[in-house]
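Take a look at the structure set out below.
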4 protein chains.
Amino acid sequence: MTTQVIVLNGGSSSGKSGIARCLQAVLPDPWLALGTDTLVDAMPASMQASDDGIEFSADGEVVVGPEFRTLEAAWIAGVAAMARAGARVIVDEVFLGGPDSQERWRAALGGLGVLWVGVRCDGEIAAGREVARGDRIAGMAASQAELVHRGVVYDLEVDTGRAEALECARVIAGRVAGRAG
Amino acid sequence: MTTQVIVLNGGSSSGKSGIARCLQAVLPDPWLALGTDTLVDAMPASMQASDDGIEFSADGEVVVGPEFRTLEAAWIAGVAAMARAGARVIVDEVFLGGPDSQERWRAALGGLGVLWVGVRCDGEIAAGREVARGDRIAGMAASQAELVHRGVVYDLEVDTGRAEALECARVIAGRVAGRAG
Amino acid sequence: MTTQVIVLNGGSSSGKSGIARCLQAVLPDPWLALGTDTLVDAMPASMQASDDGIEFSADGEVVVGPEFRTLEAAWIAGVAAMARAGARVIVDEVFLGGPDSQERWRAALGGLGVLWVGVRCDGEIAAGREVARGDRIAGMAASQAELVHRGVVYDLEVDTGRAEALECARVIAGRVAGRAG
Amino acid sequence: MTTQVIVLNGGSSSGKSGIARCLQAVLPDPWLALGTDTLVDAMPASMQASDDGIEFSADGEVVVGPEFRTLEAAWIAGVAAMARAGARVIVDEVFLGGPDSQERWRAALGGLGVLWVGVRCDGEIAAGREVARGDRIAGMAASQAELVHRGVVYDLEVDTGRAEALECARVIAGRVAGRAG
């Protein structure tokens, strides 16, 4: 089955966005790259740091409220509709809810060719990269590194602590099934 | 009919994004703000400045190719699906194709409560704001100021050369029909 | 005396940076634009939200600590040295300390041709623009609008609530004394 | 002699900025991080892509004109003055002119305690990271990887292809001489 959606799941600062951009560069067709960051940017500023939206606790843990969940569900439905309408889509996600998060996407993407990719990165390495980026809330990388992968099932996994983003993208691209596939 | 989608159409540097953020602040429910910039950011870097993607001519005119049109059509379908799935959405658009652009959105948004808003800004003022922003290609503001409104039909129009973004947002919010509307 | 430094003082969201970029566009010689934002970006992330660095209270008031003051003093000395070494410099500042802030700059810029410009913007208008920008801490614009001008002496003042940034820049440029001045 | 300035020299996408931010996090005192990017951002937009300013050729080579050199000389003098006024400064640089670039800094920093650090990164790795970042002109990383180090003399060198930014920062921090040093 032709791959229409690539879902990259990994913790904060694990290197998903870099892999997404490299995938856009190495794949022969044009792919849209959309993700959690796109959704959060689209939300009202007031939903960050509110009980209904997203909360960041002092140790970097992320808690999302009911209003966030409602908009997220609509977002997922919309991204699935884009793929059904013919766009190839790379989804850059953080499965804070583990298998529940995956299930929400799986249900929405039913009937589409999906490649599930785990983007691993050792917690200590990701925490160091969080410091190097300087634009993320300290502690998110460490708290998410293992959490987001628990109980999630992948077609393949890459490890950005052991290979460069472009290398990871090439491995993933090798598993993307083409139109004649 | 309840307003589910607000479409803001205006040229580059006319102040649409500022109005969108103000709308998110003044409207009682949470609204997603999505737009042309979101779509362009999601596209491969190579599609900017390519015959298939987006081209910026020396005088700021924007030309989009067939690959861009394909992804855009899927994007529009997806945004419509988000609204159908229950998200309220502010769409921040540049109708380079005038009535043809509007028709593409109108067809996709069929059955939804849509408020069509023209965001006007005198070409000379917009060109000055383009200089003040410093991050846009010179000439886009002037070349789009009139062009994007020709033949487009609105429920209401605002003029950011005559009123502040927040004021414009309040006028628009006054026309948003609520759930009991 | 030839103008070597233009100091723009105004509250958050008063439009100083836009005027600085317009000045760079309309002045015939190349000018460097440096400001409080440049300094804050250069500081360690940890100095934001710490007692020694910068603190933002819930209502947008900004408090700076001793470590901030030390680095700021060195920064001011360095910017003055750039002007003495031949660079024309636009300084984009927020005089939280009013006349004390101005005195720190005046002492450092001794012997240089300085044009002192007040960038006024009605507090309510600035607060609205803060919402439209969406990337500033709410309340800064209102709390600084009057405060930063108290007791400060200017060569000229502009009001971004009454004129566009480019227009303000043209007025300021008209007061910049050239090399043969 | 106490270290007052740390100069990081490396090609585009070699990871200098990440190391600078990690240094700010691991060093006990507050350090300012300033660099080529700060200077370029401070310049008029028109100086990019002009004969007098900065030009990027199709293969990512960077050419700077006389106006750039003039402002750069004043910038270097100013950064040196900041260090003399008591600020500890991390300078994040690209020595396009190799030993000539280093000599310009060495002359300006005379009398100050300077730690010269070479930030190496294999050209192919840096080129891959350039793709992953997605915001740099393609080709800069490869064309600068070796060039900027030719004839430059360092106190120590780090290699971001072999160690994480935080690790590199710790090695550099171990060579920073303290006040009692």
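Using a 1.4 Å probe, how large is the accessible area of B:S17, given in Å² and rounded to the nearest 10?
40
In chain C, if the dipole is taken from +1 on Lys/Arg beta carbons and -1 on Asp/Glu beta carbons about the Cα centre, which of C:I90, C:G118, C:A73 is farthest to the positive end?
C:I90
Gap in Å between the Cα centre of region D:93-155 and the Cα centre of region B:1-46?
When both Cα centres are located, 40 Å separates them.
In Å², what does the accessible area per residue of the protein assembly as shown work out to with a 1.4 Å probe?
Values: 29660 Å² over 724 residues.
The answer is 41 Å² per residue.
Of the options C:L39, C:G60, C:C22, report the single residue whose Cα projects farthest towards the positive end of the charge dipole of region C:18-71 (beta-carbon charges: Lys, Arg +1; Asp, Glu -1).
Of the candidates, C:C22 comes out farthest on the positive side.
How far apart, in nanometres, would the label points at A:S46 and D:L112 be if each is projected 7 angstrom from Cα along the Cα-to-Cβ direction?
So the label points at A:S46 and D:L112 sit 4.7 nm apart.
With a Cα-only, solvent-free Debye model of the protein assembly as shown, what are the log10 I(q)/I(0) values at q = 0.06, 0.08, 0.09, 0.12 Å⁻¹?
Normalising to I(0) and taking log10 leaves -0.36, -0.67, -0.87, -1.64.
In region D:138-181, what trypsin sites (Lys or Arg not before Pro) fall in a loop by DSSP, with at most 10 other Cβ atoms inside 10 Å?
Details: sites: D:R150, D:R162, D:R170, D:R175, D:R179; in loops: D:R150, D:R162, D:R175, D:R179.
Passing both the DSSP loop test and the Cβ count: D:R150, D:R179.
Give me the percent of Cα-Cα pairs in chain B that sit more than 25 Å apart, rounded to a whole number.
Details: 5011 of 16290 pairs.
Roughly 31 percent, rounded to a whole number.
Just to be sure I understand the model, the point goes 7 Å from the Cα along the line to the Cβ. What's the resulting B:L147 to A:D159 distance in nm?
5.2
Hey, which lysines would be in cross-link range of C:K16, C-alpha to C-alpha under 23 Å, not counting anything within fewer than 8 residues on its own chain?
In chain and number order, the partners are B:K16.
In square angstrom, rounded to the nearest 10, how much accessible surface does D:F56 have for a 1.4 Å probe?
Surface open to solvent at D:F56 totals about 80 Å².
Under a point-charge model restricted to the Cβ atoms of Lys and Arg (+1) and Asp and Glu (-1), what is the dipole moment magnitude of region A:2-98 relative to its Cα centre, in debye to the nearest 20?
Values: 5 positive and 12 negative charges, 120 e Å.
Here region A:2-98 has a charge dipole of around 580 debye.
What are the nm distances, shortest first, from D:V171 to its equivalents in the other copies, labels at 7 Å along Cα→Cβ?
Those separations, rounded to one decimal, come out as 2.4, 5.6, 6.1 nm.
The values are calculated or read from the model by the stated rules, or taken from the named source; none is laboratory data. Since the model is a prediction, treat every value here as computed from it, not as a measurement. We place every Cβ from the backbone using ideal geometry, glycine too, and count neighbours over all the protein chains shown. When the accessible area is computed, the model is the full protein with side chains, heavy atoms only, and any ligands, DNA or RNA have been set aside. Shrake-Rupley method; radii C 1.70, N 1.55, O 1.52, S 1.80 Å.
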